[in-house]
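Asker: Below is a structure I'd like to ask you about.
Every read-out reported here was derived from the displayed coordinates using simple, explicitly stated rules and does not represent laboratory data. A quick note: this is a predicted structure, and the numbers were derived from the prediction, not measured. Glycine also receives a Cβ, built like all others from the backbone with ideal geometry; neighbour counts cover every protein chain displayed.
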Amino acid sequence: MDQKSIEQRALVVGIVVNIITMVGGFVVFFITGLKAMFLDAAFTAIAVASGGVAAILSKTTARTTQRYPNGKFALEPMYAIGKSIFTISLLAFSFIEVLREAIDYFFLGVRHKLEFGPVVIYQIAAVALCLWLVWYYRHENKRIGNVSTMLKAEANGTWVDGIISMGIGIVAVIVFLIPEHSPLDFLHYTGDFFITTAIVILTTKEPWSVLREAFVELVGGVHENDDLMEYVEDRIARLVPADLKLDRVQLFKTGMNFDVQVFLHGTGQSIDVDELVGARQRMEGALQEKLHLVNVDFVFE
C-alpha cells in the first residue's frame, strides 16, 4: 500500500469516529447548554468537515496534468493553514462568550446555574475515542515516514479535542462534588468560564505549531528535521559521481512531496551528462525508500 492509500484510509477512519463523537457532543450540549460542550462538539464538527476535505485533497494532490505537471501538493499546507486559523478563531470566540457570562455573574449579578447532566459519561467515551484516534493517525503517519502534513494536522486537532473533553469531564466531577453555599459555590455558575479558559490556554499552542510549519512549506522554506536531513545527506553523498564534489544539500517539503537540491562543483575538465542523469535517478531511487515522492535537482556553483 503506497503513502497516499495509507493516508486516505486513515482520514476515512477519522471521519467515521468523529461523526459518532460529534453527534453525541451536540446532544449533550443541547441537554446542558454548556458553552464548553459547544466548544467540544464544534471542534469535532471541524474535524469531520476538515477530514472530508483532507480525504478529497489526498486523492487529487498527487495527480499530474499538463497544467500541473508536478501535482498540486501546495494544497496540503494550504489546508493545514486554513484548519489552524479556523481552530484559533473558534478558541477565541468561545473564550469571549464565556468571558461575557463571567462578567455578567461577577459584576452584574446575573446567575444561571450550570447543568452537567450526562457530561461525565459522554466525556469518558469521547476521551477514549480521541486518544485512540490520535494514536492511529500518528501510527499511520509513522508508517509512511511522518511525511503527511494532513495526518499531522488531524492528529493535532484530535489531541486538542481530547484535551477539551478531558478538561470538561474533570471539572464537571469537581463542580458536582462542591456543596452549595460553600466558598466555592460560585463555580456552580461560572465553572463553564474556568473550564473553557483553561482549555483555550492549554490547546492554543497546537494549531499555532501546525500553522507555522504549514506556512514554511507553502512559501518554500527549508525543511527542518535533523533525522530526515541526516538520512538524505547520507544517501546523496554515497551516490555523487567521482568527478564531482558535494558542497551541500537542501531539502524542501510541500505536503507529501519532497524536493532535494544537491549543490555540486566539478573537480575535472568536463562532466559526463549521462553519468549525471544516472546519478540523479539512483539518488531518487535511494530516497524513495523513505520519502516516496521525491525530486532531485543538481545545482552547480
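Asker: Using only the alpha-carbon atoms, how far is helix 273-287 inclined from the longest principal axis of the chain? Give it as 0 to 90 degrees, nearest 10.
Answerer: It works out to around 30 degrees.
Asker: Let me ask another. Restrict the search to region 107-192; then list the trypsin sites (Lys or Arg not before Pro) that DSSP places in a loop and that have at most 16 other Cβ atoms within 10 Å of their Cβ.
Answerer: ARG111, LYS113
Asker: For the chain, build the convex hull from the C-alpha positions and give me its volume per residue in Å³. Present the calculation step by step, with values, prior to reporting the outcome.
Answerer: On the way: hull volume 43.5 nm³, N = 301.
Expressed per residue, the convex hull around the Cα atoms of the chain is 145 Å³.
Asker: Where the centre of each part is set by its Cα atoms, how far does region 206-224 sit from region 254-301, in angstrom?
Answerer: That distance is 24 Å.
Asker: Let me ask another. In degrees from 0 to 90, rounded to the nearest 10, what is the angle of the helix 226-238 Cα long axis to the longest principal axis of the chain?
Answerer: Its long axis makes an angle of about 10 degrees.
Asker: Now, a different point. What number, in percent, do you get for the relative contact order of region 64-186 if the mean sequence gap of Cα pairs under 8 Å and at least 6 apart is divided by its residue count?
Answerer: Computed over region 64-186, the figure is 26 percent.
Asker: Please compute the modelled spin-label separation between SER5 and PHE93, points set 7 Å along Cα→Cβ, answer in nm with one decimal.
Answerer: Going from the PHE93 label point to the SER5 one covers 3.9 nm.
Asker: Next question. Treat each spin label as a single point 7 Å out from the Cα along the C-beta direction, and report the ALA49 to VAL23 distance in nm.
Answerer: 2.0
Asker: Going 7 Å from the Cα of SER270 along its beta-carbon direction, which residues of region 214-254 have the amide nitrogen within less than 19 Å of the resulting point?
Answerer: Flagged as within label range: 241-245.
Asker: Between helix 75-108 and the chain, what is the angle of the helix's C-alpha long axis to the longest principal axis, kept within 0 to 90° and rounded to the nearest 10?
Answerer: It is inclined by approximately 20 degrees.
Asker: Okay, next question. Just need the relative contact order of region 3-218 here, percent rounded to a whole number, with Cα pairs under 8 Å and 6+ apart.
Answerer: Relative contact order comes out at 29 percent.
Asker: Something else: Report, in debye and to the nearest 20, how large the dipole of the chain comes out about its Cα centre when Lys and Arg carry +1 and Asp and Glu carry -1 on their Cβ.
Answerer: Charge dipole of the chain: 640 debye, to the nearest 20.
Asker: Take peptides 189-197, 36-44, 89-97 and line them up by average Cβ neighbours within 10 Å, highest first, as a rough protection proxy.
Answerer: 36-44, 189-197, 89-97
Asker: Gaussian network model of the chain, Cα springs within a sub-10 Å range: biggest mean-square fluctuation belongs to which of GLN281, GLN66, GLN123?
Answerer: Among GLN281, GLN66, GLN123, the largest mean-square fluctuation in the Gaussian network model of the chain belongs to GLN66.
Asker: Further question: Given a Förster radius of 35 Å and the C-beta distance between ILE31 and THR60 as r, what FRET efficiency does 1/(1 + (r/R0)^6) yield to the nearest 0.05? Walk me through the intermediate numbers first.
Answerer: Working: r = 40 Å, r/R0 = 1.14.
FRET efficiency, ILE31 to THR60: 0.30.
Asker: Put a dot 7 Å past each Cα toward the Cβ at ILE170 and LEU108; how far apart are the dots in nm?
Answerer: 3.1
Asker: Quick one: P(r) of region 226-300 from all Cα-Cα pairs, 10 Å bins, percents rounded to integers, in order of increasing distance.
Answerer: Computed distribution, short to long bins: 19, 57, 21, 3.
Asker: When N is the residue count of region 97-141, what does its C-alpha Rg come to as a fraction of 2.2 N^0.38 Å?
Answerer: My calculation over the Cα atoms of region 97-141 gives 1.91.
Asker: Do any trypsin sites (Lys or Arg not before Pro) in region 1-98 lie in a DSSP loop with no more than 16 other beta carbon atoms within 10 Å, and if so, which? Before the final figure, lay out the partial values.
Answerer: Numbers: sites: LYS4, ARG9, LYS35, LYS59, ARG63, ARG67, LYS72, LYS83; in loops: ARG63, ARG67, LYS72.
In loop regions of region 1-98 (DSSP not H, G, I, E or B), the sparsely surrounded trypsin sites (Lys or Arg not before Pro) are ARG63, ARG67.
Asker: How high is the FRET efficiency between TRP208 and ASP297 when r is their beta carbon distance and R₀ equals 35 Å, given to the nearest 0.05?
Answerer: 0.65
Asker: If you stretched the chain out fully between GLU230 and ASP247, how much longer would it get, using 0.36 nm times the residue separation minus the C-alpha to C-alpha distance?
Answerer: Going from the current span to full extension adds 4.7 nm.
Asker: May I pose another question? Quick check: Cα centre of region 11-61 to Cα centre of region 147-176, how many Å?
Answerer: Cα centroid of region 11-61 versus Cα centroid of region 147-176: 12 Å apart.
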